[in-house]
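> Once you've had a glance at the structure underneath, I'll fire off some questions.
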Amino acid sequence: MKIAALDSSGLVATVAVTENGVLTGEYTTNYKKTHSQTLLPMLDELKRMIDLELESIDAIAIAKGPGSFTGLRIGAATAKGLAQALEKPIIPVPTVDALAYNLYGTDKLICPIMDARRSQVYTGLYHFVKKDAGQEFTLELHTEMAQCAISVQELAEILNVRGEEVIFLGDGVPVYASALRELLKVPFTFAPASCNRQRAACVAVLGEKLFEKGIFQTAAEHAPDYLRLSQAERERMEADEAKKKQLNQMETAKN
Amino acid sequence: MMESTQKKDIYILAIESSCDETAASVVKNGREVLSNIISSQIDLHTLYGGVVPEIASRKHIEKINQVIEQALEQAGMTLKEVDAIAVTYGPGLVGALLVGVSAAKALAFAAQKPLIGVHHIEGHISANFIENKELEPPFVCLVVSGGHSHLVVVKDYGEYEIIGRTRDDAAGEAFDKVARAIGLGYPGGPKIDKLSKEGNPDAIHFPRAKVEDNAYDFSFSGLKSAVLNYLNSCQMKGETVNRADVAASFQKAVIDVLVEHGIHAVQQYGLNKFAIAGGVASNSSLRAAFEKECTKRNIAFYHPSPIFCTDNAAMIGVAGYYEYLKGVRHGYDLNAVPNLRLGERI
């Protein structure tokens, strides 16, 4: 199976092509240019470099979110355009899961963090667990806490309660490293540059596993998973709730 | 031999997502619209009293493929059969633009088609070519919408000179604000147009602003304030406001200025063709006023049907066709340019 994978959820833009367990090519940049200027030119360059025939791609894997709203949409619209033109399915891969997959093989708790602004992080907790009991085993990414948006304080509390050694990675590390150092009571480390950011190869590998489980969509069906409402929707809901509360209080006062 | 000398038909697939409409269209030879699909989000934004950029972007990404698919299907074509893909890359809401731009680039890349970035307002102006087959540059065009008020000399296809612009509010913006003040809600333009028909346009005299150093520039914020002051003073005096009269008088004040500037421009530039474009160009009183003044002076007056005045992709296909003929091609690094200027090429 040949998969083209894209991730533009954070500061990194990354594209990769995998075929039957082999990474044919990967292109990753972590530079200030917008993903709109980098993502497709990178795929175009990769295509030329590895003589990729687009028609031979079986599926497009995309980091579906969370992440920067605009970044997610650039990735999603690109994947959707490719999938529509090539008439191929889209495999939506949870961004934080794919980020965790960087640390294949560790027995430590994996904790990716992405800067989610408003003093929150997009995060999740993962372990690699043994699947086959024989001499030759495989490791599977097991989700201990599904990807979500929470404050660093909340995250630190959860980790302190779990009491496990933990490895952090992701573009939230430079932003929150000092806060974590202050808050954490468990042993921890930060992953090095070779494996601490989004890589499309991880999106492709996880994508293939999801595809085997029947998780894929048409181009039209796919939309990012933001894990957050827009500000306007949130404010409107809060206003509605405040109004309801007030009405309830008035009712209670009457009675 | 005959066949090889015949001109090949050019089909452009066009995509537009600069504000709150997700749209796609197939246009043949720059003048014939084979499909014009528009998915409007207006009901959603009405809840918020205006377009919310993040919500608009989210809706675009949900609709973009369906709209493109329908446009191709209705035109009876496949992606392989189109000659080029045109897309609006500015001006507009950056997050909204990026959805159309990213999708168009991916389609162009995967289907190996030329990519053409199109200016949204050049699209609006080009909408006039759809139903007026005889219309060719040069002519003067007034572009009036929620975000734009421009007086433009269209010198040739794809060649524009802006001779007048708004100094503050766009005409459509003034409509929206006044509509809100008299309790009509969003979108203001069509609602004021409708209510005006029941009112007396001469009931209240609102000011017609002149801009000192450029006879073609507009200013609508003073007019808007005058309406708000009038409403306030009525309230203070305890007088009931005749909303229809306010709407009609306000609308007349806007139209008087637009018509005066437009006619002045077409005469000064020695031209005999005048066109209007943009969302406000579907205002019935504005059309009637221009029709009357142009006829009086033997100026040919053009306007698109309302469906081509609103944001749509057919107009992008038309503008894209003339860019295509000129050899304009964009790379896969094409970015959204929210403040793209008319006539500017990036």
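The values are calculated or read from the model by the stated rules, or taken from the named source; none is laboratory data. Quick caveat, the model's predicted, so the values are computed rather than measured. Quick reminder, even Gly has a Cβ in these numbers, built from the backbone with ideal geometry, and neighbours come from all protein chains shown.
> Anything in segment A:64-92 that is more than 11 Å from chain B (Cβ to nearest Cβ) and charged (D, E, K, R)? List them, or say none.
A:K64
> Has segment A:26-40 got at least one residue that is within 13 Å of chain B (Cβ to nearest Cβ), crowded, with 21+ Cβ neighbours inside 10 Å, of a type outside the set (V, I, T) and within 26 Å of B:T78 (Cβ to Cβ)?
yes
> Could you count how many residues in segment B:159-210 are buried (at least 16 other Cβ atoms within 10 Å of the Cβ), assigned to a strand (DSSP E or B) and charged (D, E, K, R)?
1
> Could you list all residues from segment A:41-52 that are out of contact with any strand residue (DSSP E or B) (no Cβ under 7 Å at 6 or more places or on another chain) and within 11 Å of chain B (Cβ to nearest Cβ)?
Those that are out of contact with any strand residue (DSSP E or B) (no Cβ under 7 Å at 6 or more places or on another chain) and within 11 Å of chain B (Cβ to nearest Cβ): A:P41, A:D44, A:K47.
> Specify which of the listed residues (B:I130, B:I121, B:I116) is away from chain A (no Cβ under 14 Å), farther than 30 Å from B:S221 by Cβ and within 18 Å of the chain's Cα centre (by Cα). Give the derivation first.
Values: B:I121 fails: farther than 30 Å from B:S221 by Cβ; B:I116 fails: within 18 Å of the chain's Cα centre (by Cα).
After applying the criteria, what remains is B:I130.
> Now, a different point. Kindly indicate which of B:V87, B:V33, B:V26 is closer than 27 Å to A:D225 by Cβ and touching a residue at least 12 places away in the same chain (Cβ under 8 Å). Spell out how you get there, then give the answer.
On the way: B:V33 fails: closer than 27 Å to A:D225 by Cβ; B:V26 fails: closer than 27 Å to A:D225 by Cβ.
Being closer than 27 Å to A:D225 by Cβ and touching a residue at least 12 places away in the same chain (Cβ under 8 Å) holds for just one of B:V87, B:V33, B:V26, which is B:V87.
> Moving to a separate point now. What single numbered condition from (1) under 18 Å from A:G105 (Cα atoms); (2) surrounded by 15 or more Cβ atoms within 10 Å (Cβ to Cβ) fails to hold for A:L210?
Against the list (1) under 18 Å from A:G105 (Cα atoms); (2) surrounded by 15 or more Cβ atoms within 10 Å (Cβ to Cβ), A:L210 comes up short only on (1).
> Which of the residues that make up segment B:16-36 are touching a Gly at 6+ places or on another chain (Cβ under 7 Å) and small (G, A, S)?
Across segment B:16-36, the qualifying residues are B:S17, B:S18, B:S25.
> Test of understanding: among B:P304, B:P338, which residue is within 14 Å of chain A (Cβ to nearest Cβ), in contact with a strand residue (DSSP E or B) (Cβ under 9 Å, 6 or more places away or on another chain) and either more than 26 Å from B:A253 (Cβ to Cβ) or surrounded by 14 or more Cβ atoms within 10 Å (Cβ to Cβ) (or both)?
On the way: B:P304 fails: within 14 Å of chain A (Cβ to nearest Cβ).
Exactly one of B:P304, B:P338 is within 14 Å of chain A (Cβ to nearest Cβ), in contact with a strand residue (DSSP E or B) (Cβ under 9 Å, 6 or more places away or on another chain) and either more than 26 Å from B:A253 (Cβ to Cβ) or surrounded by 14 or more Cβ atoms within 10 Å (Cβ to Cβ) (or both), namely B:P338.
> From the list B:D333, B:D311, which residue is surrounded by 22 or more Cβ atoms within 10 Å (Cβ to Cβ) and within 26 Å of A:L82 (Cβ to Cβ)? Talk me through it step by step, then tell me what you get.
On the way: B:D333 fails: surrounded by 22 or more Cβ atoms within 10 Å (Cβ to Cβ).
That would be B:D311, the only listed residue that is surrounded by 22 or more Cβ atoms within 10 Å (Cβ to Cβ) and within 26 Å of A:L82 (Cβ to Cβ).
> Only one residue in A:I60, A:I50 is under 25 Å from B:V82 (Cβ atoms), free of Cβ contacts under 8 Å to residues at least 60 places away in the same chain and not charged (D, E, K, R), so which one is that? Spell out how you get there, then give the answer.
Working: A:I50 fails: under 25 Å from B:V82 (Cβ atoms).
Checking each option against the conditions leaves just A:I60.
> Filter segment A:63-90 for residues that are farther than 12 Å from A:A219 by Cβ and either crowded, with 24+ Cβ neighbours inside 10 Å or hydroxyl-bearing (S, T, Y) (or both) and give the result.
Taking segment A:63-90 and keeping what is farther than 12 Å from A:A219 by Cβ, we get A:63-75.
Within segment A:63-90, A:A63, A:K64, A:G65, A:P66, A:G67, A:S68, A:T70, A:G71, A:L72, A:R73, A:I74, A:G75 qualify.
> Restrict the check to segment B:54-64 and report whether at least one residue is part of a loop (DSSP other than H, G, I, E, B), among the β-branched types (V, I, T) and more than 14 Å from B:I15 (Cα to Cα). Working first, answer last.
Step one: list which residues in segment B:54-64 are part of a loop (DSSP other than H, G, I, E, B), which gives none.
No - not one qualifying residue is present in segment B:54-64.
> Does segment A:1-23 hold any residues that are hydrophobic (A, V, I, L, M, F, W, C), assigned to a strand (DSSP E or B) and in contact with a helix residue (DSSP H, G or I) (Cβ under 8 Å, 6 or more places away or on another chain), and which are they?
Once the filter is applied, which keeps residues that are hydrophobic (A, V, I, L, M, F, W, C), assigned to a strand (DSSP E or B) and in contact with a helix residue (DSSP H, G or I) (Cβ under 8 Å, 6 or more places away or on another chain), segment A:1-23 yields A:I3, A:A4, A:A5, A:L6, A:A13, A:V15, A:A16, A:V17, A:L23.
> Do you know which of the residues in segment B:22-56 that are surrounded by fewer than 22 Cβ atoms within 10 Å (Cβ to Cβ) and in contact with a Lys or Arg (Cβ under 8 Å, 6 or more places away or on another chain) is farthest from the other protein chains (Cβ to nearest Cβ)?
B:R31
> What are the pairs, 6+ residues apart or on separate chains, where a residue within segment B:125-141 that is farther than 18 Å from B:I263 by Cβ has its Cβ under 7 Å from a residue that is surrounded by fewer than 18 Cβ atoms within 10 Å (Cβ to Cβ)?
So the pair list comes out as B:F129/B:R31; B:F129/B:L135; B:I130/B:R31; B:E131/B:S305; B:K133/B:R31; B:P137/B:K155; B:P137/B:D156.
> Another one. Need at least 3 residues that are at pLDDT 95 or above, touching a Pro at 6+ places or on another chain (Cβ under 9 Å) and on the phi < 0 side of the Ramachandran plot per element, so show me which helices (runs of 4 or more DSSP H) inside segment B:222-321 make the cut, counting only ones lying wholly within it.
On the way: elements: B:243-268, B:284-296, B:306-309.
Here the list reads B:243-268.
> Here's a follow-up. Within segment B:57-104, count every residue that is more than 11 Å from every other protein chain (Cβ to nearest Cβ) and hydroxyl-bearing (S, T, Y).
Residues that pass the stated criteria total 1.
> Shifting gears a bit: If I filter segment B:314-330 down to residues being in contact with a Gly (Cβ under 7 Å, 6 or more places away or on another chain) and crowded, with 18+ Cβ neighbours inside 10 Å, which single residue comes out as farthest from the other protein chains (Cβ to nearest Cβ)? Break it down into steps so the answer makes sense when it comes.
So the first thing to find is which residues in segment B:314-330 are in contact with a Gly (Cβ under 7 Å, 6 or more places away or on another chain), and the list is B:315-316, B:318-319, B:321-323, B:326, B:330.
Right, trim to crowded, with 18+ Cβ neighbours inside 10 Å and you get B:315-316, B:318-319, B:321-323, B:330.
Working: B:M315: 21, B:I316: 16, B:V318: 22, B:A319: 21, B:Y321: 21, B:Y322: 24, B:E323: 20, B:H330: 11 Å.
This residue is B:Y322.
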